[in-house]
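One structure below.
The values are calculated or read from the model by the stated rules, or taken from the named source; none is laboratory data. Note that the coordinates shown come from a computational prediction; the quantities given were computed from them, not determined experimentally. Here Cβ is always computed from backbone atoms with ideal geometry, including for glycine, and neighbour counts include all displayed protein chains. Heavy atoms of the whole protein, side chains included, go into the accessibility calculation; ligands, DNA and RNA do not. Shrake-Rupley method; radii C 1.70, N 1.55, O 1.52, S 1.80 Å.
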Amino acid sequence: KTGRNILQFLGAPQRNTAPLSLTIPLISPKDMKKKWRILQSWLPVQSVKVVVTGTPSENCDRVASIRDMLGPLMDMRIEVNGQWTYAEACNNLSKLSRFNISGIEEPLTAGDRDCLHQLKDRFGIPIILDESICTFEDASNAIQNEYCDIINIKISKCGGLIRAQDVIHMAAMKNIDCQIGTHVGESFILDSAGWHLALATPNLTYFEGCSFLLHNPSLSVDGTPPSRRKQPEIPGWGLTQSDIDELFASSERLAEFRA
């Protein structure tokens, strides 16, 4: 109604762009390499996050293959989704740390969460928390117990933009960094909201936008690149009617493909 961009309500922009990170799901190395070549030509990807499982040998082979694909300098984190006990984490990290891992996200089960600081001290790899931090109180508890170095903020997980910003501001006061993450299946409407939040976040390390593209089975080199990020002067979420039309058209095409 006011013709203003959402960023004007989130505070002064901290940057003109955000460090883009892609999450690599559990897909085959062959499929990943094909999609990586396409997306790398479309997007200024600066880092990746690799989803791993509970099997050390499988994780080692997968991370080795992806590191080989990325080269030695690309920033690479791993995502555990709270699957490992402390003993399993030590077993896995003793094999994976040689691949120059820059962070490990939600490494321990809820029952072993009190061992997070021990894991950080033992391996020296920054700890990122996601599922265990949804509220301001969760973040406060994690910071007071020195559980993490980075908090993964997801708008849909934290209860909206304002509540997400509450966590971001509290983390900044304690010198804790944040990454702006996305859930699998988010449309680029929510992705755009995350982009604007990232521009307003002073203590930002990663922005996990466009990861949904890796789950698109019809992605091909002949496809249409994702829309360029909209500038903050565009009203609302920075999306035009043509963007919305394309979203629904893409959803219909994907539904037809899956059918």
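Points to keep in mind about this one:
- First in region 232-244 and within 20 Å of N16 (Cβ to Cβ) and among the aliphatic types (A, V, I, L, M), second anywhere and at pLDDT 75 or above and open to solvent by 50 Å² or more (accessible area, probe 1.4 Å), Cβ under 7 Å, 6 or more apart: L239/I189
- Considering only residues in region 114-123 that are of a type outside the set (D, E) and surrounded by fewer than 18 Cβ atoms within 10 Å (Cβ to Cβ), the one that is nearest to A139 (Cα to Cα) turns out to be H117.
- Candidate set: region 148-191, residues that are surrounded by fewer than 22 Cβ atoms within 10 Å (Cβ to Cβ) and of a type in the set (S, T, Y); chosen: the one modelled with the highest pLDDT: S156
- Pairs, first without any contact (Cβ under 8 Å) to a residue 60 or more places away in the chain in region 102-123, second open to solvent by 40 Å² or more (accessible area, probe 1.4 Å) and in a strand (DSSP E or B), C-beta under 8 Å, six or more apart: S102/D75
- Index of the failed condition, V80 passing every other in (1) open to solvent by less than 10 Å² (accessible area, probe 1.4 Å); (2) at pLDDT below 95; (3) within 21 Å of D130 (Cα to Cα): (2)
- Only one of the listed residues (V48, V63) is of a type outside the set (S, T, Y), open to solvent by less than 10 Å² (accessible area, probe 1.4 Å) and either part of a helix (DSSP H, G or I) or over 18 Å from Y206 (Cβ atoms) (or both). That residue is V63.
- Restricting attention to region 88-108, the residues being open to solvent by 50 Å² or more (accessible area, probe 1.4 Å) and either touching a strand residue (DSSP E or B) at 6+ places or on another chain (Cβ under 8 Å) or not in a helix (DSSP H, G or I) (or both) number 1.
- Test: N145 is under 25 Å from G159 (Cβ atoms), in contact with a His (Cβ under 9 Å, 6 or more places away or on another chain) and open to solvent by 60 Å² or more (accessible area, probe 1.4 Å): yes
- Among (1) open to solvent by 10 Å² or more (accessible area, probe 1.4 Å); (2) more than 22 Å from H183 (Cβ to Cβ); (3) not β-branched (V, I, T) - the single one N5 does not satisfy: (1)
- Residue match in region 208-229 (condition: at pLDDT 70 or above and of a type in the set (F, W, Y)): no
- Within region 15-42, the residues that satisfy the criterion of being in contact with a strand residue (DSSP E or B) (Cβ under 7 Å, 6 or more places away or on another chain) and under 30 Å from V167 (Cα atoms) are A18, P19, L20, S21, L22, T23, I24, P25, L26.
- Residue count, region 109-131 (criterion: more than 18 Å from T182 (Cβ to Cβ) and within 18 Å of the chain's Cα centre (by Cα)): 3
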